[in-house]
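This report concerns only the one structure given below.
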């Protein structure tokens, strides 16, 4: 059997991706993006993603098992072996794949990785995991101590539920393109395709939720722009900004383009400028808009914190600042966040958010609205950040948002991970005096 045999190539790819993340400190999504094209079967691509996400969500349990079940710690040179074992454990728990096939393919993957001399060890450890299960771990075990302490300080009564919600897979949310059809009609198409979908009462008007995620390729009309994948909390941004018909709108940190697209789906007459500082990420915005058959947006590669480099002086009626943040509200979708974040990262992000707020405010017309949003749960990036902005900015005032945007958090609203099935998200709607 070789790495190309059924099932083995997936395990080899999973080991390589996980080794890059766990040992080399790389980010999961780019590693997956590079690995997925090597698997021609869509089912194998879906399995690779499932294994990697499950392994990273429970990596403390896997590490505890290895510490208890091996005579000595695996040395750094055995990083690929450690990653393969993480992949093997994840197949048994929580994915619950048939044990015989999962173990056999993972053992063969060890040989394909040039570790035939360790195939027996892989078999023994996976068989033990099958018999005994992995050691239990607290829901917050994957969170570094400094970050865990910040969450508990900000949300002392909600922290336990927040950690638990962040440790499980998220549902799949869809946004139906209202320019191409209505939500109920698309839901019927999903059901005809054998895909269960629900329209939650607490969800956004264009949203459907799939309790069991499916491959994007399985979504009817995806390539034709009839639907997008976007969490319900992110979809609420369009409701919170609520620009006037035909308004001149700035999306200051637009990539990958889902929120800009949603605004244009709601109102194709918007005069929207989408910025991103990174050319590659800006290209993704263009791809998103083309797939959805949306035109008229002006795409600019520029740093929103330096309006002197790109702004023509014509004020915007509305500004969306979906600011770079710690992403602590989307850990269930990006579990590697917890491996990469450092305290210095947070300090840098808070400073950047403040610069972006001040710069984007300059471009806003008197009487206009700026929506500040993050996918963070940390007060330093959200309520405290907005309070500091209001204190230093004459003519800025917060406008209340409805309770269905989340719990009160200073001048804004905070949704915590898992609430109404959505990601963690913060919204603050700020009005400039005059106009």
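The values are calculated or read from the model by the stated rules, or taken from the named source; none is laboratory data. All values derive from a computational prediction rather than experimental measurement. Cβ coordinates were reconstructed from backbone atoms using ideal geometry, including for glycine residues, and neighbour counts include every protein chain displayed.
Here are the numbers for the structure shown:
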{"item": "Tally, over the stretch 170-205, of residues that are crowded, with 16+ Cβ neighbours inside 10 Å and closer than 21 Å to residue 330 by Cα", "result": "8"}
{"item": "Residue match in the stretch 224-233 (condition: loosely packed, with under 14 Cβ neighbours inside 10 Å and not assigned by TED's automatic domain parsing to the domain that holds residue 265)", "result": "yes"}
{"item": "Residues being without any contact (Cβ under 8 Å) to a residue 12 or more places away in the chain and either under 13 Å from residue 250 (Cβ atoms) or loosely packed, with under 12 Cβ neighbours inside 10 Å (or both) - total across the stretch 277-289", "result": "1"}
{"item": "Single residue of the stretch 256-269 satisfying the filter (surrounded by fewer than 24 Cβ atoms within 10 Å (Cβ to Cβ) and assigned to a loop (DSSP other than H, G, I, E, B)) that is nearest to the chain's Cα centre (by Cα)", "result": "256"}
{"item": "Top-ranked residue in the stretch 357-385 [being surrounded by fewer than 20 Cβ atoms within 10 Å (Cβ to Cβ) and out of contact with any helix residue (DSSP H, G or I) (no Cβ under 9 Å at 6 or more places or on another chain); ranked as nearest to residue 304 (Cα to Cα)]", "result": "365"}
{"item": "The listed residue being more than 28 Å from residue 265 (Cβ to Cβ) and either surrounded by fewer than 18 Cβ atoms within 10 Å (Cβ to Cβ) or in contact (Cβ under 8 Å) with a residue 40 or more places away in the chain (or both), out of 348, 323, 302, 298", "result": "348"}
{"item": "Check on residue 239, assigned to a helix (DSSP H, G or I) and surrounded by fewer than 21 Cβ atoms within 10 Å (Cβ to Cβ)", "result": "yes"}
{"item": "Matching residues, the stretch 42-72, being outside any helix (DSSP H, G or I) and either in contact with a helix residue (DSSP H, G or I) (Cβ under 6 Å, 6 or more places away or on another chain) or closer than 14 Å to residue 22 by Cβ (or both)", "result": "58"}
{"item": "Qualifying positions in the stretch 135-161 - modelled with pLDDT under 95 and more than 22 Å from the chain's Cα centre (by Cα)", "result": "135, 136, 137, 138"}
